[in-house]
Amino acid sequence: MRVPASYCGLYSLRPTHGAVPATGMLPLAPSFDTVAWLARDADTLARLGDVLLPRGGDEAPFRTALVAADLVALADPAVRDAFRPAAAGLAERLGLRIEQVPSLGGDSAERAVAFATAQAAEVWECDGEWVSAHPGTLGPGVEARFARAAAVTPEERAGAESLLHRTARDLRAAIPDDAVLLLPAASGPAPLIDEDPERKAATRQGTFRLTCLASGAGLPCVVLPRMAVDGLPVGLAVIGGRGTDRALLALAGVA
């Protein structure tokens, strides 16, 4: 939901993992699956949250906005240029002090591979039997990803899950209760339908490295439509600590 919101100039919230029950939904990768939503405006986003989210967490007193240079560097140059004033403007409106840090979350490439491996193993565990019984049903790109998922070994899965657990622990510790992390919601605007395949793959990889940070740690993330590149929207992502979902929705309402 965060990437579609970014591409379409909408608001979105990926809640704390487990905050909204996923009972009755088709599982993909249960360790990472969550119920997210998007809306045209912050008020509607918050009204949905009021229905779906557990009570509490509204009062998180955010005071600091963290900006990690290594995460911002994952975005396209034009997005980086748009991000700096957008982040500064958001912090000013909310009365937050911006704290620049050189890096956060460990090696982004290593983290992305670990996330993709662990997620793929669960995807095949949940849906591999159905995919095997219905050959030719999926599009070529999705089918190829399922094929890679089928090839993940137990040793690869265990190594990936171990790295993700360490990364999640370190990230949660790096974001204090009174802080949020600001980063681009996607590495660039929505790719053109006739985009060069290599360029499209690079865009997807950069975006995945940004999004898997909150996904791997189970942290809530709200996306605000606060940037544009060549007239196309790009979202500004705000990650908070576990359970700060309602506080993030309140932040979106005054941002």
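Some points to look at:
- Reported to the nearest whole Å, the Cα centre-to-centre distance from region 3-55 to region 192-228 is 17.
- To the nearest 10, the accessible area of Asp194 is 120 Å² with a 1.4 Å probe.
- Using C-alpha pairs below 8 Å separated by at least 6 residues, the relative contact order for region 2-120 is 23 percent.
- Evaluated over region 112-255, the Cα radius of gyration and Dmax, each in Å: 17.6, 50
- Cβ charges +1 (Lys, Arg) and -1 (Asp, Glu), total dipole of the chain, debye: 500 debye
- Taking GluC sites (Glu not before Pro) across region 41-135, the ones in a DSSP loop with at most 10 further Cβ atoms lying within 10 angstrom of their Cβ are Glu59.
- Amide H contacts under 5 Å for Trp37, placed H, 5+ residues apart: Leu13
- For the pair Ala147 and Ser103 in one chain, pulling the backbone fully straight at 0.36 nm per residue adds 12.5 nm over the alpha carbon distance.
- Average projection, convex hull of the Cα set of region 28-89: 7.1 square nanometres.
- Note on Arg40/Arg172: beta-carbon distance plugged into 1/(1 + (r/R0)^6) with R0 of 30 Å gives a FRET efficiency of 0.45.
- Reciprocal of mean inverse Cα separation for region 134-208 (Kirkwood radius, Å): 16.1 Å
- Phi to ³J(HN,Hα) by Karplus 6.51 cos²θ - 1.76 cosθ + 1.60 over region 110-117, Hz, x for Gly, Pro: 5, 5, 5, 5, 5, 4, 4, 5
- What the pair-distance distribution of the chain shows, using all Cα-Cα distances binned every 10 Å from zero, is 7, 30, 37, 21, 4, 0 percent.
- With contacts taken as Cα pairs under 8 Å at a separation of at least 6 residues, the chain carries a relative contact order of 34 percent.
- Per-residue ellipticity at 222 nm from helix content only, as computed over the chain with -39500 (n - 2.57) for each DSSP H run of at least four residues, stands at -16500 deg cm²/dmol.
- Selection from Thr211, Ala174, Met227, by position along the positive dipole direction of region 152-232 (Cβ): Ala174
- Remark on Val229: its backbone amide H falls under 5 Å from those of Val234, a criterion applied only to residues 5 or more positions apart or on other chains, H modelled at 1.01 Å from N.
- Within the accessible area of region 128-220 (1.4 Å probe), percent carbon and sulfur: 55 percent
- For region 14-134, the normalised intensity computed at q = 0.14, 0.18 Å⁻¹ comes to -0.97, -1.26 (log10 of I(q)/I(0), Debye sum over alpha carbons, equal scatterers, no solvent).
- Projecting the Cα atoms of Pro102, Thr44, Ser12 onto the charge dipole of region 1-136 (Cβ charges, centred on the Cα centre) puts Thr44 farthest toward the positive pole.
- Estimated FRET transfer efficiency (Asp127, Asp50; beta-carbon r; R0 30 Å; 0.05): 0.40
The values are calculated or read from the model by the stated rules, or taken from the named source; none is laboratory data. Predicted model only: the values in this text are computed from it and were never measured. No Cβ is skipped: glycine too gets one built from the backbone with ideal geometry, and neighbour counts run over all protein chains shown. Surface areas here come from the heavy atoms of the whole protein model, side chains and all, with no ligands, DNA or RNA. Shrake-Rupley method; radii C 1.70, N 1.55, O 1.52, S 1.80 Å.
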